[in-house]
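Okay, so here's the structure we're looking at.
The values are calculated or read from the model by the stated rules, or taken from the named source; none is laboratory data. Given the structure is predicted, the values throughout are model-derived calculations rather than measurements. Here Cβ is always computed from backbone atoms with ideal geometry, including for glycine, and neighbour counts include all displayed protein chains.
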Amino acid sequence: MSMARLGVIGNPAAHSLSPVIHRAWLSSYDIEGRYEIIETSDFIKHVRACQAQGWRGLNVTLPYKGDAYEICDECDEAAVRTKAVNCLLFESGRIFGFNTDVAGFILALDEEAPLWRNNRHAILLLGAGGVARAIVYALATVGFDNLHVVNRSAARAHALGEVHKNMNLKIYGYDDNIPLNEIGLVINATSMGMKNSALLPFSLEGLDKDVIIFDSIYTPLETDLLKEGRARAMICVNGLGMLIHQARVSFAHWFDIFPSVHSSLRATLERAL
Ligand code: NDP
């Protein structure tokens, strides 16, 4: 194979961890390739240029996952249902699109909280943006169908219903009384709790201590939500695993290799944060 050219496209994209991850795998699997960062306000122009220059693929980050879905000739079911693509593959003059955040979420929980699949209670999802859509689709494919959603914008929360027909949604605002005794898994898919962003107006008080807490955020690795969960001896999972696993699935689309994750990669990423 000639040199494989790859990259991440977004705005901003400069601090993306994807280059660190994919460069490590290119090197460990002896693939001659380059993984670059494309920070741009003109998504379509750059994607077409990469395609014309024979690139292998791109990862897509904020704010272009919806544009990436639109530009594809063919998409996987996860992308169609979420209307979001975070991985592009250029092949035979066509653009293929995938939503690998979906599998990334499932693989992260399977690895870090394997009992999550045994949950027989409802799931509480905070947020209704792009990541929340991927998570709703993931939950539905695993067989969960009872979801309480808390979001600032009720319209966006209702729109999650389009993602999967089997999902039974109940929508709340942050000030509403949420039936916490029914919950077995809490998922933060908002950006609240990130460095320099608003604090999440939600406390774990009132939840059973067997509840699993997943936070999609990885900057910081330990959000206030996860700190509170750990203080209550709950099983807590941060967003780094989801990031690494979605990257594995992207790499597999490009090279037919499902890379293994060495602890040294995780440590490198933790240092880079
Ligand atoms: P979006 O912008 O699509 O969604 C943001 C969500 O946060 C919405 O639900 C929004 O509510 C809510 N929100 C943001 N600010 C506030 C606020 N001040 N008050 C109330 N609600 C707020 O972002 P994404 O879904 O793409 O990403 C969400 C987070 O997920 C990112 O910030 C990042 O930390 C993480 N992420 C993790 C990945 C991983 O692999 N682990 C991958 C990508 C992202 P509303 O709808 O009302 O605006």
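The table below lists the values:
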item: Residue tally, condition within 30 Å of residue 267 (Cβ to Cβ) and modelled with pLDDT of 95 or more, over segment 199-209; result: 2
item: Checklist (1) among the polar types (S, T, N, Q); (2) surrounded by fewer than 17 Cβ atoms within 10 Å (Cβ to Cβ); (3) more than 16 Å from the ligand (Cβ to nearest atom); (4) in contact (Cβ under 8 Å) with a residue 12 or more places away in the chain applied to residue 153, failing item; result: (3)
item: Test: residue in segment 88-104 that is within 16 Å of the ligand (Cβ to nearest atom), polar (S, T, N, Q) and either over 23 Å from residue 150 (Cβ atoms) or under 12 Å from the mean Cα position of the chain (by Cα) (or both); result: yes
item: Any hit, segment 229-243, residues being farther than 28 Å from residue 206 by Cβ, in contact (Cβ under 8 Å) with a residue 40 or more places away in the chain and surrounded by 15 or more Cβ atoms within 10 Å (Cβ to Cβ); result: yes
item: Any hit, segment 192-204, residues being more than 22 Å from the chain's Cα centre (by Cα) and within 24 Å of residue 143 (Cα to Cα); result: no
item: Qualifying positions in segment 42-98 - of a type in the set (Asp, Glu) and either on the phi > 0 side of the Ramachandran plot or modelled with pLDDT under 95 (or both); result: none
item: Any chance residue 164 is more than 10 Å from the ligand (Cβ to nearest atom), crowded, with 16+ Cβ neighbours inside 10 Å and at pLDDT below 95; result: yes
item: Top-ranked residue of segment 107-148 - restricted to ones that are under 24 Å from residue 233 (Cα atoms) and in a strand (DSSP E or B), ranked as nearest to the ligand (Cβ to nearest atom); result: 126
item: Hey, residue 44 over 17 Å from the mean Cα position of the chain (by Cα) and β-branched (Val, Ile, Thr) or not; result: yes
item: All positions within segment 45-81 that are more than 25 Å from residue 15 (Cα to Cα) and buried (at least 18 other Cβ atoms within 10 Å of the Cβ); result: 72, 75, 76, 78, 81
item: Failed condition for residue 143, given (1) more than 20 Å from residue 212 (Cβ to Cβ); (2) surrounded by fewer than 16 Cβ atoms within 10 Å (Cβ to Cβ); result: (1)
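So that you can scan it fast, the table gives a plain yes or no per residue for (1) in contact with a helix residue (DSSP H, G or I) (Cβ under 9 Å, 6 or more places away or on another chain); (2) within 9 Å of the ligand (Cβ to nearest atom); (3) at pLDDT below 95:
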site	(1), (2), (3)
169	yes, no, no
184	yes, no, no
187	yes, no, no
197	no, yes, yes
214	yes, no, no
229	no, no, no
259	yes, no, no
263	no, no, yes
272	yes, no, yes
